[in-house]
Amino acid sequence: MGAMAAACALALVFALALTCTGSVASQAGAPRPAGDGATRALTAEARAADTCTAPEKQTLPPSSADGPTIAAIKNRQGEKRKLVVGVDQNSYRWGYRDPNSGVSGRLEGFDIDLVHRIAEDILGDPDAVQFKAIPTDQRIPAIQDGRVDLVVRTMTINCSRLQEVAFSAPYFKTGQQVLAPKSSPVAGYDETLANRRICTAKGSTAHAKLEEDRRSGALPASADISTTVPNQLDCLVRLQLGEVDAVVNDGALAASQAAQDPTVELKGEAFTTEYYGVAMKKDADDLVRRVNQILVDFRQDTAAGWQASYTKWLSATMDDDPTASRPPAPEYLRRD
């Protein structure tokens, strides 16, 4: 019970910190007006998503050249000459504030290492970053509204999101998994979820998958998927409070949550294959190419790159062998 209380308290502190200091109010655009034009636009997006395959390959070849997007970042004056990045501050070992780190308020984690690497390459200073903590469902609006230059926040590359933002090549491989109490009869993503309350983050690939599988019959019809929260960590809090019976989340994030709370565990195997990417505006081609070049260098840097960051942050919660999490060699679109 002591460990459970401590874990719950930690999760609640993180959740409250985001609510008080990191959340960004919804600034999504006004609803589309009704009419044939809006219907045609939505239909075109749906068709594009339907014909999309291998979304992790829908990115531009790497380049170190500057372009208009990068020039605008570099031309910022004084204290504003920073890379503005949307991140999470509550995902243990990905993007979080460690109260025991000795550096008050400093963000740490695998995603944060990547952000510093991007800032160092573009601006010559790994600390030339303005971090903006954003909820899961605000990642795309924050990019489209220009509140951030890019998002590095365990964001899955998928076909529907490619209609709204551009992505880098993948930097991490994962898949959806079920998280539940160790004592729970839930065994994985199967019939044991019947009559269970399942929590997901609003706007997440997990919630979209559950909705799709409910329609197709792959998920028991009696499973209650109505509980959605702004941030995935809030699902762990709901689970700890007994308000839900299971959480569906990226396995990489779920493993970190299980490390926070020894009373919960991953149930069953991953039932999807997904890839995290860096998200940017759709017309920011020069920034996409530059980030892809940085990712090439990050993967190849054996001393202080992908492998070193994985070992430091994730090996303790996932696996000492990172093979399953390392994305395949990137493939790029050919567009001149």
Notebook entry, point to check: Of all residues in the stretch 115-139 being within 18 Å of Ser168 (Cβ to Cβ) and basic (Lys, Arg), which is surrounded by the most Cβ atoms within 10 Å (Cβ to Cβ)?
Noted result: Arg139
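Rundown of residues vs (1) more than 24 Å from Asp234 (Cβ to Cβ); (2) assigned to a strand (DSSP E or B); (3) in contact (Cβ under 8 Å) with a residue 12 or more places away in the chain, yes/no style:
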residue: Ile122; (1), (2), (3): yes, no, yes
residue: Asp127; (1), (2), (3): yes, no, no
residue: Gln130; (1), (2), (3): yes, yes, yes
residue: Asp137; (1), (2), (3): no, no, yes
Checklist line | Residues located in the stretch 304-321, provided they are at pLDDT 85 or above and not hydroxyl-bearing (Ser, Thr, Tyr) | finding: Ala304, Gly305, Trp306, Gln307, Ala308, Lys312, Trp313, Leu314, Ala316, Met318
Next item on the list: Please enumerate the residues belonging to the stretch 67-86 that are closer than 15 Å to Phe131 by Cα and either among the β-branched types (Val, Ile, Thr) or open to solvent by less than 90 Å² (accessible area, probe 1.4 Å) (or both).
Entry: Ile73, Lys82, Leu83, Val84, Val85, Gly86
Notebook entry, point to check: Hey, any hits in the stretch 153-160 for a residue that's over 26 Å from Ala308 (Cβ atoms), part of a helix (DSSP H, G or I) and in contact (Cβ under 8 Å) with a residue 40 or more places away in the chain?
Noted result: yes
Check: Only one residue in Asp234, Asp213 is farther than 28 Å from Leu314 by Cα, of a type in the set (D, E, K, R) and either at pLDDT 95 or above or part of a helix (DSSP H, G or I) (or both). Which one?
Finding: Asp213
Checklist line | Checking Gly203 against (1) at pLDDT 95 or above; (2) within 21 Å of Val229 (Cβ to Cβ); (3) of a type outside the set (Val, Ile, Thr), the condition it does not meet | finding: (1)
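The values are calculated or read from the model by the stated rules, or taken from the named source; none is laboratory data. This one's a predicted model, so the numbers in the text were calculated from it and none came from an experiment. Here the Cβ is made from the backbone with ideal geometry for all residues, glycine too, and neighbour counts use every protein chain on show. To get the accessible areas, we keep the full protein, side chains included, count just its heavy atoms, and leave off ligands, DNA and RNA. Shrake-Rupley method; radii C 1.70, N 1.55, O 1.52, S 1.80 Å.
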